[in-house]
Amino acid sequence: MSTLERLRALVASEGEPLAGGLLEHDTPCDEPTLGAIAASGPRARADPGEYELLIEAIYEGYLLHYGSPRVVRPAEEDLRLLAGDQLYAIGLALLVKLGDTAAVAELADTITLSALAQGAGQQALAEAVWVAGARAVGWGSTEAHRRAKDLAFAGAPDAIEAMRTSAVGPVSAP
């Protein structure tokens, strides 16, 4: 079962109203998902499947807020933000069960920075933040990654390039 199918099953288990917006199928992609990037790292070695699922749940929440969700789309537009928040919470709850406080902090920064970038109309920066955040969850943060986050928080013009080159691990993005 693919990770997005597992996420679909998890959403279905939540019941209405979230489950009422389940989409039929995910579109296959040749590039690794953010969840796969995080799960392939040494920090996720203890339970890569769970890391992959939680990253995809949190990213789906982000997509409900700012993009095109892959798993669930509520019929009523006003429920979209609430569904996104619920998926953030589902993913973070899975992460808390793993006891990985460093990843909790990293994903909190990722959610915040991507929201700030979206608010500033910088979609490319938001995407770079997500890729770097997934890499940092799976592979660990670096001084360069912490600097890139500082630049992004400050709204610096070179934040996007710093974010794109900041973390170790696979660099492919969804």
Subject >> Listing of helices (runs of 4 or more DSSP H) fully contained in region 64-174 that carry 1 or more residues being touching a residue at least 60 places away in the same chain (Cβ under 8 Å) and farther than 28 Å from Pro42 by Cα >> reply: 80-98
Original post:
For Ala75, are the conditions met, namely being small (Gly, Ala, Ser) and touching a strand residue (DSSP E or B) at 6+ places or on another chain (Cβ under 7 Å)?
Top reply: no
Original post:
Quick one: is Leu94 at pLDDT below 95, within 16 Å of the chain's Cα centre (by Cα) and of a type in the set (A, V, I, L, M, F, W, C)?
Top reply: yes
**OP:** Report yes if Asp109 is on the phi < 0 side of the Ramachandran plot, modelled with pLDDT of 95 or more, surrounded by fewer than 24 Cβ atoms within 10 Å (Cβ to Cβ) and of a type in the set (D, E, K, R), otherwise no.
**Re:** yes
Original post:
Quick one: would you say Tyr66 is hydroxyl-bearing (Ser, Thr, Tyr), closer than 16 Å to Val137 by Cβ and out of contact with any Cys (no Cβ under 8 Å at 6 or more places or on another chain)?
Top reply: no
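Looking at Arg135, Arg80, which is the one that is of a type in the set (Lys, Arg) and over 18 Å from Thr3 (Cβ atoms)? I'd like the intermediate steps shown before the answer.
Numbers: Arg135 fails: over 18 Å from Thr3 (Cβ atoms).
Only one candidate qualifies: Arg80.
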Original post:
Does Leu4 count as under 19 Å from Ala83 (Cβ atoms), buried (at least 20 other Cβ atoms within 10 Å of the Cβ) and modelled with pLDDT of 75 or more?
Top reply: yes
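Here's a check for you: in region 37-63, which residue that is assigned to a helix (DSSP H, G or I), among the small types (Gly, Ala, Ser) and touching a helix residue (DSSP H, G or I) at 6+ places or on another chain (Cβ under 6 Å) is nearest to Ala93 (Cα to Cα)?
Per the criteria, the residue is Ala57.
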**OP:** Look through region 45-76, keep the residues that are surrounded by 19 or more Cβ atoms within 10 Å (Cβ to Cβ) and of a type in the set (D, E, K, R), and return whichever of them is farthest from Val11 (Cα to Cα).
**Re:** Glu52
Original post:
Has region 37-48 got any residue that is in contact (Cβ under 8 Å) with a residue 24 or more places away in the chain and either more than 27 Å from Trp139 (Cα to Cα) or touching an Asp or Glu at 6+ places or on another chain (Cβ under 6 Å) (or both)?
Top reply: yes
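The values are calculated or read from the model by the stated rules, or taken from the named source; none is laboratory data. In this text, all values refer to a predicted model and were calculated from it rather than measured experimentally. Counting neighbours? That spans all protein chains shown, and the Cβs are built from the backbone with ideal geometry, glycine included.
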